[in-house]
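**Q** Take a look at this one; I'll ask things after.
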Amino acid sequence: MVTRLALNGATGRMGTTVRDAAGAREALSAVLGVAPEADGELVVTPTERRDALVAHDVDVVVDFSTAKAVPALAQDCADAEVALVSGTTGLGDSALDAIEAASAEIPVVHARNFSQGIVALRRALDAALDAVGDYDIEVAETHHRGKQDAPSGTATTLVETVTDHRTVETVNGRAGTHVRGETEVGVHSRRAGNVRGEHEVMLADNDEVLRLCHRAEDRSVFAAGALTAADWLAGRDPGRYDIEDVLTGNEDDSDSQ
């Protein structure tokens, strides 16, 4: 059975990458796009989205758009009873609340990063913190000049992994005279060129430094993960799922179950 997809943010960098990647998968078919500027029957505007999802018999929406667009998208998906996979980052409370509300009606995966390598990095960080939990920690991320949110969603996720092990105070960059506090985790963002995404966690103390790094060479790694999530999510019960559920094949780990 072919999973029918709609791409929200279809004309953006990630939207076009997801569309191209979907074309190479026999089990998936991109049948609809949503973008601020419609260019024909197969790309509609957000105001036309809900009816178009129903008319095109869409199974899953894959979203890479903007944080301010997510609340209306989540509502449209819930109204149309269409599953949602969203990789949009920088979400505020209203967008997160909208996703949570939608997950009561439809299955939802929201991830700040769909890379398998980032999942592996988080697991490695867990193991490192078990071994050297008292070391100083700094997080650095680099992205292309057009990325709007800082720090990146992935950097925030890495800090959340640290908070599973100890209480921390996040410091976004540093300026002026400042002595590093014992609970500080510095988070540093760089924006330059066309860098797809780099993340590094540094743990240092006791005359040694441990660096855990991940670099995405192409946006296709994020598209691949999102499409795998869409294929996995189609037909599942309503609830919140995460990328680890998708990659490990967990059947019953939604937040609402």
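Bear in mind that the values in this text are calculations on the coordinates, not laboratory data. Since we're looking at a predicted model, the values are computed, not measured. Cβ placement follows ideal geometry from the backbone for every residue including glycine, while neighbour counts extend to all protein chains displayed.
**Q** Can you work out the FRET efficiency for the pair Thr183 and Asp39, with r the C-beta to C-beta distance and R0 = 51 Å, to the nearest 0.05?
**A** My answer for the efficiency is 0.50.
**Q** A further question follows. Give, rounded to the nearest 20 debye, the magnitude of the charge dipole that region 116-216 has about its Cα centre when Lys and Arg contribute +1 at Cβ and Asp and Glu contribute -1 at Cβ.
**A** That gives region 116-216 a dipole magnitude of about 760 debye.
**Q** So how strong a dipole does region 1-98 carry about its Cα centre when Lys and Arg Cβ are +1 and Asp and Glu Cβ are -1, to the nearest 20 debye?
**A** Around 300 debye, computed over region 1-98.
**Q** Put +1 on the Cβ of every Lys and Arg and -1 on every Asp and Glu Cβ in the chain; which of Gly12, Ile137, Pro46 then has its Cα farthest towards the positive end of the dipole?
**A** Gly12
**Q** Using the basic label-point model (7 angstrom from Cα toward the beta carbon), what is the Asp207 to Asp97 distance in nanometres?
**A** Between Asp207 and Asp97, the label points sit 5.4 nm apart.
**Q** What is the magnitude of the charge dipole of the chain about its Cα centre, with +1 placed on the Cβ of each Lys and Arg, -1 on the Cβ of each Asp and Glu, and no other charges, expressed in debye to the nearest 20?
**A** 1060
**Q** Can you find, among Ser152, Leu121, His165, the residue sitting farthest towards the positive end of the charge dipole of region 116-216, where Lys and Arg contribute +1 and Asp and Glu -1 at Cβ?
**A** Ser152
**Q** So how far apart, in nm, are the two label points at Glu26 and Arg123 if each is 7 Å from Cα heading toward Cβ?
**A** Output for this residue pair reads 2.9 nm.
**Q** Hey, another quick one. In 10 Å bins starting at 0, how do the alpha-carbon pair distances of the chain split up by percent?
**A** 7, 30, 33, 20, 8, 2, 0
**Q** Rounded to the nearest 0.05, what FRET efficiency do Thr167 and Asp79 give with R0 = 45 Å and r taken as the Cβ-Cβ distance? Could you check?
**A** It comes to 0.65.
**Q** So what's Rg/Rh here for region 1-84, counting alpha carbon atoms and using the Kirkwood radius for Rh?
**A** 0.92
**Q** Efficiency by 1/(1 + (r/R0)^6): what FRET value for Val2 and Glu105, r their Cβ-Cβ distance, R0 = 30 Å, to the nearest 0.05?
**A** So the FRET efficiency works out to roughly 0.80.
**Q** How big is D for region 116-216, in µm² s⁻¹ as a whole number, if Stokes-Einstein is applied with the Kirkwood radius of its Cα pairs at 20 °C and 1.002 mPa s?
**A** After rounding, the answer is 153 µm²/s.
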